[in-house]
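The values are calculated or read from the model by the stated rules, or taken from the named source; none is laboratory data. In this text, all values refer to a predicted model and were calculated from it rather than measured experimentally. All Cβ positions, even for glycine, are placed from backbone atoms using ideal geometry, and neighbour counts span all protein chains on display. Just so you know, the surface numbers come from the protein's heavy atoms only, side chains and all, with ligands and any DNA or RNA stripped out. Shrake-Rupley method; radii C 1.70, N 1.55, O 1.52, S 1.80 Å.
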Amino acid sequence: MADFASPTSSPVPFERAAIAGVGLIGGSVALGLRERLLARRVVGYDASMDVLREAEALGVVDEVQATPGEWLRGCDLVVLAAPMGALGPLARELAPFLSPEALVMDVGSVKAGIAAELDALGVRGFVPGHPMAGSERGGVTHARAALLENAVWVLTPTEHTSLTALSRARQLVEGLGAAPVVMPPEAHDSLVATVSHLPYLVSLALTHLVARDERLSLLAAGGFRDLTRVASGDPRMSRDMVVENREALREALARFRRGLERLEADLERPGDLLAAAA
């Protein structure tokens, strides 16, 4: 197998890669594949022809496809990069056309559901994954290969994931400049509920609180804007993300609520409040 870590290695690791969902992350993966010479040809697949035309015009992909079909059988890498709410339907749409030899990955922020979905579809070359990278500015226009560089990329194999597929996925992630970390899907979902999905809800709650009084908006400075920045992303994508992970998120919310209650009690004990801030 070729050394993915070397962009000048020969032969090219993948002959034909398909990026299904050419948005910020999908577009960044496509650019990384092209710039680092990891795929000989990159195909963009998306439900929106406008997105496909833009991706092709920007040089993000080599060619575009608007419908699934036999062209997928020639792809030895398929990356599912749709929003969380669309990942399951996308997988079901493409599965009948996938080559059994293809490495199939996704970039969704919740793993247990999509892992079970692909297992049920019998896609044995599937390695669930989540690059911990992003931006409040979405869309293929803002895609860049550098977005993935030095990012932690979690891989969450299931009991059906072969060691060969996992090894290929790790090498691909490293080839894109990211750092692979392997853990079970359920462990990933519990952790991101605390470090990603809970901060989104907190940011949203603060934003709603300030919106009730225009005087608060006038006084909100840079620190407040930093706290609420994550609420400014695509609301539908964020909603799908937190709803998909709602069970783990409820547990994170309960822990956070207890933490707030302790801090409220510490208002009467300044020494404890100082210790909590240390």
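Numbers at a glance
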{"item": "Stretchable slack from GLU159 to ARG236, in nm (0.36 nm times residue separation minus alpha-carbon distance)", "result": "24.6 nm"}
{"item": "Surface/4 estimate of mean projected area, convex hull on alpha-carbon atoms of segment 12-70, nm²", "result": "3.6 nm²"}
{"item": "Residue-span extension gain [ASP226 to ALA275] - 0.36 nm each, minus C-alpha spacing", "result": "15.2 nm"}
{"item": "Whole-Å semi-axes of the ellipsoid equivalent to segment 1-105 (Cα gyration tensor, √5λ, descending)", "result": "21, 16, 12"}
{"item": "Between segment 28-65 and segment 197-245, the alpha-carbon center distance in angstrom", "result": "32 Å"}
{"item": "Segment 164-231: trypsin sites (Lys or Arg not before Pro) in DSSP loop, at most 14 other beta carbons within 10 Å", "result": "ARG212"}
{"item": "Positive-pole candidate from LEU166, VAL230, LEU176, dipole of the chain, charges at beta carbon", "result": "VAL230"}
{"item": "Calculated P(r) tail over 13 Å for segment 152-214, as whole % of Cα pairs", "result": "70 percent"}
{"item": "Surface share of carbon and sulfur [accessible, 1.4 angstrom probe, percent] for the chain", "result": "56 percent"}
{"item": "Hydrodynamic radius of segment 40-159 per Kirkwood, over alpha carbon pairs, in Å", "result": "15.1 Å"}
{"item": "Most mobile listed residue (LEU58, LEU260, LEU77) in the chain, GNM with C-alpha springs under 10 Å", "result": "LEU260"}
{"item": "Principal axis dimensions, largest first and in whole angstrom, of segment 99-194 by Cα", "result": "35, 30, 22"}
{"item": "Kirkwood Rh in Å, taken over the chain so that all alpha-carbon pairs contribute", "result": "20.1 Å"}
{"item": "Accessible solvent surface per residue of segment 184-247, calculated while the other protein chains remain in place, 1.4 angstrom probe, Å²", "result": "66 Å²"}
{"item": "FRET efficiency, 1/(1 + (r/R0)^6) with R0 45 Å, evaluated for GLU63 and ARG250 via beta carbons", "result": "0.55"}
{"item": "Rg(Cα) / (2.2 N^0.38 Å) computed for segment 65-120, rounded to two decimals", "result": "1.07"}
{"item": "Antiparallel DSSP beta bridges within the chain, as percent of all bridges there, nearest 5", "result": "10 percent"}
{"item": "Stretch gain in nm, segment VAL182-ARG53, where the contour uses 0.36 nm per residue and the Cα spacing is subtracted", "result": "42.9 nm"}
